[in-house]
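Following: one structure in C-alpha cells, then a few remarks.
The values are calculated or read from the model by the stated rules, or taken from the named source; none is laboratory data. Every value quoted in this text rests on a predicted model; they were computed, and no experiment measured them. Reconstructed Cβ throughout: ideal geometry from the backbone, glycine too, with neighbour counts over all protein chains shown. These area figures cover heavy atoms from the full protein model, side chains too; ligands, DNA and RNA do not enter into them. Shrake-Rupley method; radii C 1.70, N 1.55, O 1.52, S 1.80 Å.
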Amino acid sequence: MEEFVVSARKYRPQTFKDVVGQKAITNTLLNAIESNHLASALLFTGPRGVGKTTCARILARKINQPGYDDPLEDFAFNVFELDAASNNSVDDIRNLIDQVRIPPQTGKYKVYIIDEVHMLSAAAFNAFLKTLEEPPKHAIFILATTEKHKIIPTILSRCQIFDFKRITVKDAKEHLAEVAESQGVKFEDDALHIIAQKADGAMRDALSIFDRVVSFCGNNLTRQAVTENLNVLDYETYINITDLIIENKIPELLMAYNEILSKGFDGHHFIAGLASHFRDLLVSKTPSTITLLEVGEQAQKLYGIQSQKTTQDFLLEGIQIANECDLKYKISQNQRLLVELCLMQLASITFDGEKKKAESYIIPPTHFKIANYSITDKTVVEKPTIEVEVQPEINPGESIEVEGESVEIVDGDEGLDQLTIGTYESEKTSIENNVDEEPIEKTQTTTIDIESEPKVSAFSLASIKAKKELLEAGKSIIKEETHLPTEDFNETDMLLYWNKYAQRLGDKGYKIMESLLLINDPKLNGTTITLELPNQGSKIDFESEKNGLLGYLKGHLHNHNITIEVIVNESVTTKKAFTPQEKYNRLTEINSNLDILRKTFELDI
C-alpha cells in the first residue's frame with residue numbers, strides 16, 4: 001500500500017512563485033537577494049498556516065544558488081532549524097552561538113531558522129542579543145512567530161520584520177481548485193468556497209480540510225457533502241430562515257431554529273451567522289459593493305434575488321437586533337429563549353398587527369379618542385368626546401362601521417329629522433401626577449328641529465357639516481346647563497390639602513417640588529391662593545406642577561373657582577429649618593415659653 005502524504009506537505013511551495021497570497025513579501029525578498037540588500041536578521045510574523053516557515057526554507061535555499069554550478073543542490077546542510085518551543089533555555093542558545101562561528105563548507109551562507117521564537121525565555125533572549133546584532137558575515141537568522149507581541153523590543157529592533165497576512169478566500173479557493181484538478185477530483189465551486197471560508201485564512205488548514213472532505217465523499221466534491229461533513233450552516237440555511245422572517249411566519253421560524261439546534265449547531269454561531277447574512281444581503285443591493293460579498297457565483301445569484309425582497313431599513317434594523325442578541329448571548333441565563341425572542345423580533349419588523357385597511361372606513365377608528373357609539377334611524381347618541389375628520393363623499397346605500405356596528409347612509413333628500421346629543425358624565429383626572437379628583441357633574445343637551453329647513457344632500461360628511469351650519473343659523477333651540485361645585489372653604493382646609501399634596505410628591509421622589517410647595521405658607525384671598533417664591537427659577541419649576549395641584553385642590557375642596565397666583569419676592573426667606581439652632585429659633589417664634597424652659601433647666605440645644 002502506497003504511503004499517503006497529506007496535501008499540506010505534498011503541495012508545500014518549493015519556490016516563491018508557488019507561495020499563495022503573499023506576493024508583496026515574496027517580491028521583496030527576491031529583490032533583496034538580487035540587489036544584495038538582504039538583512040542578517042529577519043522576523044516573519046503572522047497567523048498560522050500562511051507560509052512563514054515555507055518562505056524561510058525557500059529563502060535559505062535561494063541565497064546560496066547564484067554562482068553555484070549544481071542547480072539541483074538544495075544546500076540542506078547549510079540550513080539549521082531550531083524549534084524554540086522545546087529548545088528555549090540559555091544553554092540551547094549558547095550551543096547555537098558556538099555553531100554560528102563555523103563558516104559553511106560549501107555555498108555562501110549558513111541560515112538559522114528559529115521557529116516559534118516567542119517561546120524563548122527572557123534569559124535566552126538576552127543571551128541571543130549580541131550575536132543577533134553583530135553576526136558573522138556568513139550567518140543569516142530567520143525568526144518565525146505567530147505572537148510578535150511576546151518578543152522583547154530589543155530583539156524586534158535588531159530584525160527586519162515581515163508581516164504575513166491572512167490568505168483571502170478567493171486565493172485559497174483558486175489554490176484548492178489546482179490541487180483538486182491535480183488529484184482528479186471533481187468539485188463544485190461553492191464546495192471549495194465553504195472549505196476556504198472554514199480555513200479562516202490559513203492555507204494549511206484549508207488543505208487539511210480538503211483531505212478530510214475528499215476522504216468522506218470521494219472524487220465528487222459537492223456543497224451538500226461538504227456542509228454535512230464539516231457541520232457548518234451554509235448560505236442556503238440562512239436564505240430559508242430570512243424568507244420566513246420576511247413572510248412573518250413565526251411558528252415556522254421557531255421550528256426551523258429547533259431543527260438547527262437538533263443538528264448540534266450552537267445558537268451563538270447561528271445568530272452571528274444570521275447577522276453576517278443580513279450584511280451580505282445589504283452589500284448585494286448595490287453593484288459597487290458586490291465585490292465585498294465573498295461567496296460563489298451560484299450563491300451571489302441567490303443573494304441578489306433575496307436582497308430585492310428586502311429594504312435597506314429592514315436589513316439595518318435586522319443587523320442591529322441580531323448584533324444585540326450576539327452581545328447578550330454569553331451572559332444570558334436562557335440562551336435558547338434569547339435567540340427565539342430575537343427571531344420573533346426580526347419577524348415582527350415588517351408585521352402590521354392591525355391588519356386593517358383604513359380606506360374601507362368613512363371615519364377611521366384612529367380618529368376617535370374613545371369609541372362608544374349607538375346609532376338609530378334618525379338619532380345619534382354620543383357619550384365621550386369624538387374627533388372627526390372630513391372624508392371624501394359617500395355614496396348613498398353604502399354602510400360604514402363604527403365600533404362593530406354597521407350604519408347605512410340613506411338618500412340625502414330624506415335628510416335628518418332630528419339630531420339629539422344625549423347626556424354624558426365626565427370625570428376629570430390629573431394626568432401628570434395620577435391624583436384623583438372629585439367628579440364634575442356636567443350635563444349638555446342639544447336639540448335641533450330641522451323640519452322647516454332646506455334639504456341638503458347627506459351623501460358626504462361635508463354635506464352633513466353644511467347642513468349643521470344651516471341649522472345653527474336657522475331656528476334651533478339650544479339648551480345648555482352646567483353644574484360645577486363651588487362650596488366655601490377656609491384657609492385651614494386649604495393648607496391641609498396643600499400639605500397633603502406636597503407630602504404625596506415627596507413620597508414619589510419629587511423632593512425639589514415638595515420643598516417649593518412648603519417653602520412658605522400660601523395665603524388665601526377669597527378663592528385665590530397666593531404663594532411667594534424667592535426667584536424666577538423656582539416659579540418656572542412650580543408652574544410645571546401647577547395644573548396637577550390645582551386639580552387636586554378643586555376636587556378635594558369642592559370648589560372649581562380656585563386659582564393659584566405666584567409672586568416672586570427675592571427678599572423672602574425660607575421657613576425651613578435645617579440646623580438645631582434654626583429649629584430652636586423657629587420653635588421659640590411659635591412659643592416664647594420654650595426659651596424660659598431651656599434657661600430654667602439649663603438645657604442644651
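Laid out as a table, the results:
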item	result
Candidate set: the stretch 32-53, residues that are of a type in the set (S, T, N, Q) and modelled with pLDDT under 90; chosen: the one nearest to the chain's Cα centre (by Cα)	Thr53
Every pair of residues 6+ apart whose Cβ atoms lie under 9 Å, when the first sits in the stretch 289-302 and is free of Cβ contacts under 8 Å to residues at least 40 places away in the same chain and within 16 Å of Asp190 (Cα to Cα) while the second is of a type in the set (Gly, Ala, Ser) and in a helix (DSSP H, G or I)	Leu293/Ser284; Leu293/Ala299; Gln300/Ser284
Any pair with Cβ under 6 angstrom, 6 or more apart, that starts in the stretch 508-520 at a residue that is open to solvent by less than 40 Å² (accessible area, probe 1.4 Å) and ends at one that is of a type outside the set (Lys, Arg) and not in a helix (DSSP H, G or I)	Ile519/Thr574; Asn520/Glu532
Qualifying residue in the stretch 167-188 (condition: in a loop (DSSP other than H, G, I, E, B) and more than 40 Å from the chain's Cα centre (by Cα))	yes
Scope the stretch 521-544; condition open to solvent by 20 Å² or more (accessible area, probe 1.4 Å) and in contact with a Pro (Cβ under 9 Å, 6 or more places away or on another chain); matching residues	Thr530, Glu532
Filtered residues of the stretch 154-212 (kept if of a type in the set (Lys, Arg), farther than 30 Å from Ala123 by Cβ and open to solvent by 70 Å² or more (accessible area, probe 1.4 Å))	Lys165, Arg166, Lys170, Lys186, Lys198, Arg204, Arg212
Filtered residue count, the stretch 228-238, keeping only those that are open to solvent by 20 Å² or more (accessible area, probe 1.4 Å), part of a helix (DSSP H, G or I) and not acidic (Asp, Glu)	3
Unique match (being open to solvent by 40 Å² or more (accessible area, probe 1.4 Å) and within 21 Å of Asp493 (Cβ to Cβ)) among Asn547, Asn569	Asn547
Qualifying residue in the stretch 21-30 (condition: closer than 21 Å to Phe162 by Cβ, free of Cβ contacts under 8 Å to residues at least 40 places away in the same chain and among the hydroxyl-bearing types (Ser, Thr, Tyr))	yes
Criterion: in contact (Cβ under 8 Å) with a residue 24 or more places away in the chain, part of a helix (DSSP H, G or I) and open to solvent by 20 Å² or more (accessible area, probe 1.4 Å) - qualifying residue of Arg61, Arg57, Arg9	Arg57
Lys263 free of Cβ contacts under 8 Å to residues at least 12 places away in the same chain and open to solvent by 90 Å² or more (accessible area, probe 1.4 Å)	no
